[in-house]
Amino acid sequence: MVENLARAALDSPEVHRLFANAALGIELLPAEPDPPLNMIAGEPELVRDPATNKCLARVKVRGQEVMRAAIDEADRAFKTWRDTLAEERRTVLRAWGAAIRRESFSLARIVSAEQGKPLSEAEAEIQYGVSFIDWFADEAIRICGQSPTPHKPMSVGWVSKQPVGITVAITPWNFPMAMIARKAAAALAAGCPVIVKPAPETPLSAYALYALAKAAGIPDGVFQVLHGDGEKFARIIAADSRVRAVSFTGSTAIGKILYAQSSATVKKLSMELGGHAPLIVFDDVDLDAAIDGCMSAKFATSGQDCLAANRIYIQRTVYDAFCDRFAKRVSALKVGHGLSPETNIGPMTKQAVADKCRSHIDDAVQRGARVLAGGSAEIRGKFVTPTVLCDVSDDMLIATQETFGPVAAILPFDEEEEVMRRANASDMGLAAYVFTADLNRAIRCSSALEYGMVAVNTPSFTGPPVPFGGWKESGLGREGSTYGIDEFLELKYVCVGALHSA
Ligand code: NAP
């Protein structure tokens, strides 16, 4: 019964054990019956299955005073954690990664139950997230500085890297495990304590990671999770000068607010914000291979992905063939509960995402786009039937704003120079895709595209060794790679001179 899939997935001894500590404030709700409405004390405490709207758990919402206490605790913990040998930090991080791997069966079910994504994608998310923990465990011991050639007589100097201080990570609901792992692992490896504020829709994944961090030996106060109101927390965080770094993933609108607020105490900021990726298919490429790539680049995470191809530009010579074959592939995708084995596209995690899909489809159709698959009439609650719109023009909403759902917008183009100009005509600059068999063209396009990441002939390109991040309003700083840890480190230059009297 679809109605009870999510609750049943959480009703295992392993999941109960993860959340057994009463201090976490988590009460898993029984599989049957639904709690009577008069027992539902405050909507923010309830975690719901996005597919059925059934309550899965009650999670205590923490107030501003708890955030203040968490900062105090992180401050105490920082004094020890920053002086812990990098090798010991590596050992603890590796233990955390191993604990996550051991519990990956339960973690994937928690992610799928509260986020809604297909279970296979949730399993992949756990592996993706833990790969960053492994990576940064090893980066901890590679932090090193320089000793510049002296520019003063009788002196020696060095530049070292030191942890920036308490870090707050504010994370989204589309990757409720991996976004926390990617941020926290880098900050912890650098020697910073981390306080995570998860998205309100997906606190269970965050608390599961916390429980495993404790079990792995991450010391008290070094890694904390607080479920609560982001706006209220942000006021405390902004004003407290002991919080030295904020790492945020979410919308550009909220990123701008945090940017402004952080100026009060001049914090270090790293932000992964919205995307609006162009995906460009030239007529020299194997069309079926490009369609495979496009399916994955558009419909992974049910389209709720900042890397999702939002504008699919197809060269006019292969336009009709692409649209026809792509629409057939999209029509075959199965919409359903994330925990049903046949599901390709789960529910949208938030109703607002389904509503935005509807408005983008309706706007495009009113302005002359054609629906080749799906359509807004097939949207039911949070379930959006994968939709293909062709003949989309540059002025339509879907061509100017990120959709963040399973709606594919196809736009024809004629020339390389023209499509580069149109692809770059956006305030966003996270990721772009190019499909071409021409090496010279691949080099020209990857150089011309104003994006932090360009994928040529592949939809799959992220992972621990590469710098993930965007240009323009898509964000600041990088996550992953050898660059990612620098977001949590400060440079210090020391100059030692020889006293003449000696
Ligand atoms: P959102 O509103 O920006 O929320 C993201 C996080 O920020 C949540 O934890 C939210 O919790 C918190 N938040 C909201 N208002 C806040 C405030 N005033 N101060 C501090 N924290 C605040 O994002 P969304 O609409 O849920 O997610 C979709 C958007 O995120 C998309 O536009 C997408 O592009 C972007 N995104 C980007 C990436 C990336 O890697 N670049 C990844 C995922 C998502 P509360 O609601 O409790 O405040």
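The values are calculated or read from the model by the stated rules, or taken from the named source; none is laboratory data. All of these numbers come straight from a predicted model, not from anything done at the bench. As a convention, Cβ positions derive from the backbone with ideal geometry for all residues, glycine included, and neighbour counts pool all protein chains shown.
Quick notes
- Residue in the stretch 425-433 that is assigned to a strand (DSSP E or B), at pLDDT 95 or above and either closer than 27 Å to Ser160 by Cα or away from the ligand (no atom under 16 Å from the Cβ) (or both) present: no
- Being more than 16 Å from the ligand (Cβ to nearest atom) and either more than 20 Å from Glu272 (Cβ to Cβ) or not in a helix (DSSP H, G or I) (or both) holds for only one residue in Leu212, Leu188, and it is Leu212.
- The stretch 350-361 residues that are within 9 Å of the ligand (Cβ to nearest atom), paired with ones that are among the β-branched types (Val, Ile, Thr) (beta carbon under 9 Å, 6 or more apart): Val353/Val384; Val353/Thr403
- Looking at Ala455, Ala448, just one residue is within 24 Å of Ile291 (Cα to Cα) and either buried (at least 21 other Cβ atoms within 10 Å of the Cβ) or of a type outside the set (Gly, Ala, Ser) (or both), and that residue is Ala455.
- Some residue of the stretch 474-491 being buried (at least 19 other Cβ atoms within 10 Å of the Cβ) and closer than 13 Å to Gly275 by Cβ: yes
- Taking first residues from the stretch 256-272 that are farther than 9 Å from Arg244 by Cα and partners that are more than 12 Å from the ligand (Cβ to nearest atom) and of a type in the set (Asp, Glu), the Cβ contacts under 6 Å between residues at least 6 apart in sequence or on separate chains come to Ser270/Glu487.
- Among residues of the stretch 302-331 being within 16 Å of the ligand (Cβ to nearest atom) and not in a strand (DSSP E or B), the one that is surrounded by the most Cβ atoms within 10 Å (Cβ to Cβ) is Ser302.
- Members of the stretch 230-254 that are of a type in the set (S, T, N, Q) and either free of Cβ contacts under 8 Å to residues at least 12 places away in the same chain or more than 7 Å from the ligand (Cβ to nearest atom) (or both): Ser241, Ser247
- Boolean, Gly165 is away from the ligand (no atom under 16 Å from the Cβ), over 20 Å from Ala77 (Cβ atoms) and in contact (Cβ under 8 Å) with a residue 40 or more places away in the chain: no
- Here Ala264 qualifies as within 15 Å of the ligand (Cβ to nearest atom) and either β-branched (Val, Ile, Thr) or assigned to a helix (DSSP H, G or I) (or both).
- Consider the stretch 124-144 and keep the residues that are among the aliphatic types (A, V, I, L, M) and not in a loop (DSSP other than H, G, I, E, B). The one that is nearest to Asp75 (Cα to Cα) is Ala140.
- Restricting the stretch 267-285 to residues that are part of a loop (DSSP other than H, G, I, E, B) and more than 8 Å from the ligand (Cβ to nearest atom), the residue that is farthest from Ala409 (Cα to Cα) is Lys267.
- Hey, Phe248 aromatic (Phe, Trp, Tyr) and either touching a Pro at 6+ places or on another chain (Cβ under 8 Å) or in the same structural domain as Gln315 (by TED's automatic domain parsing) (or both) or not: no
- Here Ala239 meets the list (1) surrounded by fewer than 20 Cβ atoms within 10 Å (Cβ to Cβ); (2) within 30 Å of Ala9 (Cβ to Cβ); (3) over 17 Å from the mean Cα position of the chain (by Cα) almost entirely, failing just condition (2).
- Pair list, Cβ under 7 Å, 6 or more apart: the stretch 403-416 residue closer than 18 Å to Ala297 by Cα, other residue within 16 Å of the ligand (Cβ to nearest atom) and of a type in the set (Lys, Arg): Thr403/Lys356; Phe404/Lys356; Gly405/Lys356; Ala408/Lys298; Ala409/Arg311; Leu411/Arg311
- The single condition from (1) surrounded by fewer than 19 Cβ atoms within 10 Å (Cβ to Cβ); (2) over 21 Å from the mean Cα position of the chain (by Cα); (3) within 16 Å of the ligand (Cβ to nearest atom) that Ile398 fails is (1).
So that you can scan it fast, the table gives a plain yes or no per residue for (1) touching a helix residue (DSSP H, G or I) at 6+ places or on another chain (Cβ under 6 Å); (2) β-branched (Val, Ile, Thr):
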| site | (1), (2) |
| --- | --- |
| Ala185 | yes, no |
| Asp220 | no, no |
| Asp229 | no, no |
| Arg235 | no, no |
| Thr249 | yes, yes |
| Ile257 | no, yes |
| Ala260 | no, no |
| Leu273 | yes, no |
| Leu279 | yes, no |
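- Applying the criterion of being more than 9 Å from the ligand (Cβ to nearest atom) and touching a strand residue (DSSP E or B) at 6+ places or on another chain (Cβ under 8 Å) to the residues of the stretch 215-229, the residue that is farthest from Arg90 (Cα to Cα) is Leu226.
- Members of the stretch 407-424 found to be within 15 Å of Arg316 (Cβ to Cβ) and either assigned to a helix (DSSP H, G or I) or outside the structural domain of Ser446 (by TED's automatic domain parsing) (or both), listed by number: Glu416, Glu417, Glu418, Val419, Arg422
- Residue match in the stretch 169-185 (condition: more than 16 Å from the ligand (Cβ to nearest atom) and outside any loop (DSSP other than H, G, I, E, B)): no
- Among the residues of the stretch 145-168, those identified as part of a loop (DSSP other than H, G, I, E, B) and of a type in the set (A, V, I, L, M) are Met154, Val164.
- Residues in the stretch 377-391 that are surrounded by fewer than 24 Cβ atoms within 10 Å (Cβ to Cβ), more than 16 Å from the ligand (Cβ to nearest atom) and not in a strand (DSSP E or B): Ala377, Glu378, Ile379, Gly381, Thr385, Asp391.
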